[in-house]
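The values are calculated or read from the model by the stated rules, or taken from the named source; none is laboratory data. Just so it is clear, the model here is predicted, and its values are computed rather than measured. All Cβ positions, glycine included, derive from the backbone under ideal geometry; neighbour counts span all protein chains shown. The accessibility values were calculated without ligands, DNA or RNA, using every heavy atom of the protein model including side chains. Shrake-Rupley method; radii C 1.70, N 1.55, O 1.52, S 1.80 Å.
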Amino acid sequence: MAANIMRDPIRIAVVGHVDHGKSTLIGRLLHDTGNLPDGKLAELKETSRRRGMPLEWSFALDSFQAERDQAVTIGTTQILLRTATRNYVIIDAPGHKEFLKNMLTGAAQADAAILVVDAVEGVSEQSRRHAYLLQLIGIRQVLVAINKMDLAGYRQDRFQVVRDEIVRYLSGIGLAAHLVLPVAARDGDNLTMPATTMPWHSGPTLLAALDNFAASPMPIELPLRLPVQNVYRIDKRRIIVGRIESGALRVGDELLFSPGNQTAAVKTIETWPPNAGPAEAKSGESIGITLDKPIFVERGDLASHVTDPPMLTHNFRARLFWFGRTKLTVGASYRAKLGTWVRSITVHSIDRVIDTDLLNSHEAPFVATHEVAEVTLRSQSLLALDDHRANPALGRFVLIDDHDAVAAGIISMEGLADERRAAVGAGNRFGTEHLLTAELRARRNGHRGAVVWFTGLPGAGKSTLAMEAERRLFLRGYQVYVLDGDNIRRGLNYDLGFSPADRVENIRRIGEMAALFADAGLIVITAFISPYISDRENARRAAKSSFHEIYIKADLATCERRDPKGLYKRARAGDIADFTGVSAPYEEPVNPDLVVDTASQPVEEAVRAILDYIEQNIVFNSTAAAVT
Ligand code: GDP
């Protein structure tokens, strides 16, 4: 046990309002535990004397800070503190921006935190913000030190007032302080020894309380995540190199590489300098591996076990702390760094801006510097990631704007679906070799097969237009069929509901089936809300060039006025959850093949626009005429 503790020190972040005494607390703690280098105390006394001030413990950190200045990439001071029972790493951040950035990028992960609050000044806005940030990054072990009790006359009633206020705030954000204790850091009261100045306090000292904290579970217990840093070619062997962020792997393990979704088994684990190649590697180790098959793997891919893969998605929700100098706005693009990949992302929506002081949230068109917000981010490419709750190592990211980190945050996939099945299946039908070609079918039918994909809000007119277009195309002699909620949800997809995952699966099946219809030579019109761009993109991949996206457009107010099935009314009344337009998002097509605006166009005009489009783009023109 002891050996374990030595190897894995517990990491404690010290946070709080500037001047409430963080550095003093750390300096004094170092001294009282015998961790100050020889001669340091005399030096501190001398410096303080020269400046004509009482002993200033915070100067003890200066030497550590000098080291920090050299290690600019770290940006936090990390000090080793040894006690009889265990080792600590004390993390002191010059400011909450650096602290948060480092916490979220994993450069300085803390297991627990001490929040320092000045007994006289009380809980400040910054105290609250820091507490909120601890909660944001998932630190659950928090100890509050109400400091400078000497200046508050060591009064119990003052301690209680400040304690009650911070406890109230913490419980408001779902954090329970393990202990709130009165200290006078400068004098060492209640740090390592009980203070005689505050006999009314009978709890443990700060150090005794820290001893009760547990180091966070090692990432080794989590599923395997190995972001690929590089692929080297050495003597015809391809060596895949990266650092295992969580979990472990063994020779022979079947690995899945995301987002490409290819699998291969680990043939060897390489090390440098080369030796007999270990059979196992685990989180925290940088390794090279070779595979048993020559699959295509590149930098930025994420390796996992086949059985416990990361999620694949185009969208993710993020709770982020914005420290960019300009505002974060909807539509803005940044580079997001997650694992070893850097992808460009766009801000799809700002869902709420959180006031960390008053703990309320509001909708806002932008996020200002130093605000915390929940946003939805979107990428053009498929991303492999984890929800922060499932895997902190892969569940966080940093946004970069022009080489500057402007935000750090954690990922939530709540309400979003894993797109793996949809993404992997789409377009992967390796048909049996038909003896008939698409062209032969088109000649017989007089038109190509096609998927005419309608998308739009409930009540926009998709079904009405689809049925009318179907009727007229049929009359003109075309092979045409409409897929809509009635014939799909009652049969093929009767097992699916309206949860995000079910919605994705619903559209996936429709997309695949529509693609088969088109392959068979039919014109198939689909009339589904299909609110997510990524789902429609998967349907497009399935049908390839036969896919045509038609946006049946009408503004929300118009759709709600029409409310043909009374669904808006029920959704507004709260009877239907996740109703598109009301309580679930609708993502407009970015570049549809045709837009039909039913708010301003009568049905007849809209149908004609659709028929014109189909005749121009799908109908097998001159040759068709010759064959029929
Ligand atoms: P930081 O900005 O949170 O790191 O705060 P410092 O540790 O630099 O402390 C700010 C000031 O408060 C310094 O002048 C300290 O000497 C003083 N201070 C810190 N702790 C105590 C204490 O327990 N009692 C008194 N009287 N002063 C303290």
Within the range 543-564, the residues that are without any contact (Cβ under 8 Å) to a residue 24 or more places away in the chain and either closer than 20 Å to ASP597 by Cα or crowded, with 21+ Cβ neighbours inside 10 Å (or both) are ALA557, ARG561
Of the residues LEU436, LEU465, which is over 20 Å from PHE547 (Cβ atoms) and not charged (D, E, K, R)?
LEU436
Just checking, does the range 608-628 include any residue being open to solvent by less than 50 Å² (accessible area, probe 1.4 Å), closer than 12 Å to ALA460 by Cα and in a helix (DSSP H, G or I)?
no
Name the single residue that is modelled with the highest pLDDT among those in the range 311-333 being more than 20 Å from ASN391 (Cα to Cα) and buried (at least 22 other Cβ atoms within 10 Å of the Cβ).
LEU328
Within the range 213-238, residues of a type in the set (Phe, Trp, Tyr) and at pLDDT below 85 come out as PHE213
So, of the residues in the range 12-42 that are surrounded by fewer than 21 Cβ atoms within 10 Å (Cβ to Cβ) and touching a residue at least 60 places away in the same chain (Cβ under 8 Å), which turns out to be farthest from the ligand (Cβ to nearest atom)?
THR33
Of the residues that sit in the range 145-154 and are assigned to a loop (DSSP other than H, G, I, E, B) and in contact with a helix residue (DSSP H, G or I) (Cβ under 8 Å, 6 or more places away or on another chain), which one is surrounded by the fewest Cβ atoms within 10 Å (Cβ to Cβ)?
ASP150
Check ARG378 against each of (1) under 20 Å from ARG129 (Cβ atoms); (2) assigned to a strand (DSSP E or B); (3) of a type outside the set (Gly, Ala, Ser) and name the one condition it does not meet.
(1)
If you take the residues of the range 565-580 that are farther than 18 Å from LEU416 by Cβ and in contact with a helix residue (DSSP H, G or I) (Cβ under 7 Å, 6 or more places away or on another chain), which of them is surrounded by the most Cβ atoms within 10 Å (Cβ to Cβ)?
TYR568
Meets criteria (open to solvent by 30 Å² or more (accessible area, probe 1.4 Å), assigned to a loop (DSSP other than H, G, I, E, B) and polar (S, T, N, Q)) for THR369:
yes
By residue number, the members of the range 530-542 that are more than 18 Å from PHE316 (Cα to Cα) and either open to solvent by 20 Å² or more (accessible area, probe 1.4 Å) or modelled with pLDDT under 90 (or both) are ARG540, ARG541, ALA542
Look at VAL117 and say whether it is modelled with pLDDT of 90 or more, more than 13 Å from the ligand (Cβ to nearest atom) and within 17 Å of ASP19 (Cβ to Cβ).
no
Quick one: what pairs do we get from the range 391-415, first residue farther than 18 Å from SER258 by Cα, second of a type in the set (S, T, N, Q), C-beta under 6 Å, 6+ apart or different chains?
VAL398/THR105
Would you mind stating whether ARG128 is surrounded by fewer than 16 Cβ atoms within 10 Å (Cβ to Cβ), of a type outside the set (Gly, Ala, Ser) and away from the ligand (no atom under 11 Å from the Cβ)?
no
From ARG389, ARG378, ARG420, grab the single residue that is outside the structural domain of LEU328 (by TED's automatic domain parsing), surrounded by 13 or more Cβ atoms within 10 Å (Cβ to Cβ) and either within 11 Å of the chain's Cα centre (by Cα) or at pLDDT 80 or above (or both).
ARG420
Out of all the residues in the range 172-195, is one or more surrounded by fewer than 17 Cβ atoms within 10 Å (Cβ to Cβ), assigned by TED's automatic domain parsing to the domain that holds ALA113, assigned to a helix (DSSP H, G or I) and away from the ligand (no atom under 16 Å from the Cβ)?
yes
Test of understanding: among VAL162, VAL142, which residue is open to solvent by less than 30 Å² (accessible area, probe 1.4 Å) and over 26 Å from PHE397 (Cβ atoms)?
VAL162
Does ASP157 satisfy the condition of being in contact (Cβ under 8 Å) with a residue 24 or more places away in the chain and either within 16 Å of the ligand (Cβ to nearest atom) or surrounded by fewer than 21 Cβ atoms within 10 Å (Cβ to Cβ) (or both)?
no
